[in-house]
Amino acid sequence: MTSNPSSRPLRLGPDPGTGVSLRQAEAKDMDVLQGMYADLLAVLAEFNPTVDVTHRLQDDWIEKPDELYAWIIEGDDQNSLPVGFALVCGERYAHALGSPTEYVLYEFLVTGRARRGGIGRSALGLLIDAYPGSWSLDVLPGNQAAMAFWSRVLAPHSPEAQERVDEDGVTFVRHAFEARTKGA
C-alpha cells in the first residue's frame with residue numbers, strides 16, 4: 001500500500017557512498033522541473049517519434065503529494081544543486097497506467113553533466129528504501145544507454161522484463177521488481 005502523506009519524508013538521504021540526496025519537489029521547483037523535463041523529452045524523442053517535446057509537466061505532481069511523488073535529485077556539492085529528478089506514481093496512478101505494481105517510476109533523469117558517477121543508482125536506492133513494495137518502469141528499447149543503465153542497476157532486484165506496446169503503437173520494455181526491505 002502506498003504511503004500516506006503524513007508519513008512521507010521531505011528529504012531522502014544523503015547516500016553515504018555518493019552524498020546524493022532527494023528532496024520533495026515544491027511549487028517553487030516547477031521551473032527547474034520543467035527545464036529538466038524538457039531535456040528528458042528531447043532525449044525520448046530521439047527514440048520515439050510520438051513524444052511531444054513541447055509537453056509541460058502538470059502541477060498535479062506538486063498538488064497530489066500523496067499519490068504523485070516528485071523528487072529533485074541533488075548532488076553532493078555544497079549548494080545542493082539539482083542534478084536530476086524522479087517522478088513516481090503511487091498505486092492508483094500505477095494501475096491507471098496499466099501496471100499492477102504499487103509504484104511506477106514514471107520519469108527519471110540524471111543530467112548529462114552528472115552521469116556516470118553513481119548518482120542514478122544512489123537515487124533509485126533512496127527511493128526504493130523509502131517506498132518498499134512492487135515497482136515498475138518502462139524503457140524504450142532503442143535507447144541503448146537507458147536499457148544498459150536499468151539492466152545494470154536493477155539486476156540485484158531480479159526484475160521481470162516484458163515487452164509491451166502502448167496505444168500509439170510504441171514498444172516499451174517494462175521492468176517490474178519487488179523491493180521489500182531496506183537496501184534490498
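The values are calculated or read from the model by the stated rules, or taken from the named source; none is laboratory data. Given the structure is predicted, the values throughout are model-derived calculations rather than measurements. Every residue, glycine among them, receives a Cβ derived from its backbone with ideal geometry; neighbour counts consider all protein chains shown. These accessible areas exclude ligands, DNA and RNA; they are computed on the full protein's heavy atoms, side chains included. Shrake-Rupley method; radii C 1.70, N 1.55, O 1.52, S 1.80 Å.
Things to note:
- Any chance Gly120 is open to solvent by less than 20 Å² (accessible area, probe 1.4 Å), under 22 Å from Asp15 (Cα atoms) and not hydrophobic (A, V, I, L, M, F, W, C): yes
- Of the residues in segment 33-41, at least one is of a type in the set (Gly, Ala, Ser), within 17 Å of the chain's Cα centre (by Cα) and assigned to a helix (DSSP H, G or I).
- Conditions (1) under 13 Å from the mean Cα position of the chain (by Cα); (2) in contact (Cβ under 8 Å) with a residue 12 or more places away in the chain; (3) closer than 20 Å to Ser99 by Cβ: number failed by Ala146: (2)
- Single residue of Thr50, Thr18, Thr101 found to be modelled with pLDDT of 85 or more and either of a type in the set (D, E, K, R) or loosely packed, with under 13 Cβ neighbours inside 10 Å (or both): Thr50
- Residues being assigned to a helix (DSSP H, G or I) and either surrounded by fewer than 20 Cβ atoms within 10 Å (Cβ to Cβ) or in contact with a helix residue (DSSP H, G or I) (Cβ under 7 Å, 6 or more places away or on another chain) (or both) - total across segment 131-151: 7
- Looking only at segment 22-47, residues that are open to solvent by less than 70 Å² (accessible area, probe 1.4 Å) and without any contact (Cβ under 8 Å) to a residue 40 or more places away in the chain come to 7 in all.
- Any hit, segment 156-168, residues being at pLDDT 90 or above, more than 15 Å from the chain's Cα centre (by Cα) and assigned to a helix (DSSP H, G or I): yes
- Criterion: in contact with a strand residue (DSSP E or B) (Cβ under 9 Å, 6 or more places away or on another chain), over 24 Å from Gly75 (Cβ atoms) and of a type in the set (A, V, I, L, M, F, W, C) - qualifying residue of Val104, Val110: Val104
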